[in-house]
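Since the structure comes first, as structure tokens, the remarks are kept for the end.
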Amino acid sequence: MLFASFKGIGGIAAAVGIILLLSSVGYYLSARLRGKRPRKRLFLFSAGIVGLFLAGVPSAFSIVPALTTPPAAAVTGPGPGTNPAPAPAGGKVTAAAAAKPGQEGKPAVSTAAAAPAAPEMDQRQREALDFYNRGLKLYYARRYDQALVLFDRALNLNPASYQALNGKGATYAFLGRYDEGIALIRQALALKPSFEYAQFNLGLANELAGRWSSAISAYQAAIQLNSKDTWAYFGIASIYGRQDNVPKVIEYLLPAIALNPDAKAVAREEQDFAPVRGDPRFQALVKP
């Protein structure tokens with residue numbers, strides 16, 4: 001409403017002035033239509049009202065800002081699932097480990113990128129691949145429950161989607177369902193033995209489960225598929241770090257850093273290297 005924009009005494013004066021001014025104009029027009037001459041004092045009164053109105057306007061109105069300023073956007077809290085899911089207890093799961101690129105689905109390497117649709121795919125396979133790619137983004141964000149929903153939708157459309165089997169298996173591993181996750185990743189590898197990302201995740205799932213020998217073997221198999229897999233080298237080095245095996249840490253951390261210099265900074269913060277952090281050889285390797 002117009003009067004809602006008036007403020008203080010000046011606003012009251014302006015509001016009264018508007019009402020009386022409109023009344024005066026109405027009286028004047030009515031008199032003219034009846035062929036009568038309005039009284040002179042009416043004009044004086046009207047002039048006074050106009051003056052009162054003009055005096056009150058500068059301090060009274062906030063109409064322009066009120067009409068031109070858009071309302072502030074509503075502030076809402078985060079919806080369900082907007083925060084990353086907490087990492088499961090035990091094994092690989094510490095704050096530093098959760099920040100390791102390899103622990104988040106290996107986003108630092110191209111083999112973990114969204115899967116492209118092949119020309120020979122039918123409509124259901126394409127839709128399944130789309131669900132997988134969307135689920136993969138949620139997995140990277142550690143929104144595991146939401147990722148599982150999309151991986152399942154992909155598998156409902158295409159039970160032979162090795163990508164979705166791999167994604168679901170890795171997600172299960174992060175939720176502490178290690179055996180189920182490893183079984184799904186093995187299914188993905190049975191469908192596509194050359195799927196290096198699944199081979200990496202097989203190592204990751206075993207490492208999360210504390211099965212270090214199996215994890216090292218899987219990581220080594222990933223390296224055989226892709227000799228430039230930074231985080232497979234890093235994964236092996238971190239396992240040897242837990243075992244306080246400095247020579248083996250150096251052996252596998254060296255190629256990881258050579259492939260990706262960012263691995264050096266990650267290694268400085270990685271808790272798995274705590275047993276070897278005081279060793280001069282390790283310090284020399286990871287120093288800035």
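The values are calculated or read from the model by the stated rules, or taken from the named source; none is laboratory data. Quick caveat: nothing in here was measured; it's all calculated off a predicted structure. Here the Cβ is made from the backbone with ideal geometry for all residues, glycine too, and neighbour counts use every protein chain on show. The protein model used for the area step is the full one, side chains on, heavy atoms only, and it has no ligands, DNA or RNA in it. Shrake-Rupley method; radii C 1.70, N 1.55, O 1.52, S 1.80 Å.
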Problem set entry | Failed criterion for Arg242 (all others in (1) under 25 Å from the mean Cα position of the chain (by Cα); (2) closer than 25 Å to Ala198 by Cβ; (3) surrounded by fewer than 22 Cβ atoms within 10 Å (Cβ to Cβ) hold) | (1)
Problem set entry | Residues located in segment 218-256, provided they are under 20 Å from Arg186 (Cβ atoms) and charged (D, E, K, R) | Asp229
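Conditions (1) under 23 Å from Ala170 (Cβ atoms); (2) in contact with a helix residue (DSSP H, G or I) (Cβ under 7 Å, 6 or more places away or on another chain); (3) not polar (S, T, N, Q), marked per residue:
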site: Ile216; (1), (2), (3): yes, yes, yes
site: Ser227; (1), (2), (3): yes, no, no
site: Asn245; (1), (2), (3): no, no, no
site: Ile257; (1), (2), (3): no, yes, yes
site: Ala267; (1), (2), (3): yes, yes, yes
site: Pro275; (1), (2), (3): no, yes, yes
site: Asp279; (1), (2), (3): no, yes, yes
site: Leu285; (1), (2), (3): no, yes, yes
For this session: Look at Trp231 and say whether it is crowded, with 24+ Cβ neighbours inside 10 Å and not β-branched (Val, Ile, Thr).
Result: yes
For this session: Return a yes/no flag: does segment 178-185 have any residue that is touching a helix residue (DSSP H, G or I) at 6+ places or on another chain (Cβ under 6 Å), open to solvent by less than 10 Å² (accessible area, probe 1.4 Å), within 28 Å of Tyr240 (Cα to Cα) and assigned to a helix (DSSP H, G or I).
Result: yes
For this session: Could you check segment 216-279 for helices (runs of 4 or more DSSP H) lying wholly inside it with 1 or more residues that are touching a residue at least 60 places away in the same chain (Cβ under 8 Å) and not polar (S, T, N, Q)?
Result: 230-242, 262-269
Problem set entry | Of residues in segment 109-167 being within 16 Å of Phe195 (Cβ to Cβ), assigned to a loop (DSSP other than H, G, I, E, B) and at pLDDT below 95, the one most open to solvent (accessible area, probe 1.4 Å) | Pro116
For this session: Quick one: count up the residues across segment 256-288 that are buried (at least 18 other Cβ atoms within 10 Å of the Cβ) and either within 18 Å of Ala215 (Cα to Cα) or touching a strand residue (DSSP E or B) at 6+ places or on another chain (Cβ under 6 Å) (or both).
Result: 4
Exercise. For Ser217, all conditions in the list (1) open to solvent by 60 Å² or more (accessible area, probe 1.4 Å); (2) touching a Phe, Trp or Tyr at 6+ places or on another chain (Cβ under 9 Å); (3) not charged (D, E, K, R) hold save one; what is the number of the exception?
Worked result: (2)
Seminar exercise, completed: The residue from Ala198, Ala190, Ala170 that alone is out of contact with any Phe, Trp or Tyr (no Cβ under 6 Å at 6 or more places or on another chain) and open to solvent by 20 Å² or more (accessible area, probe 1.4 Å) is Ala190
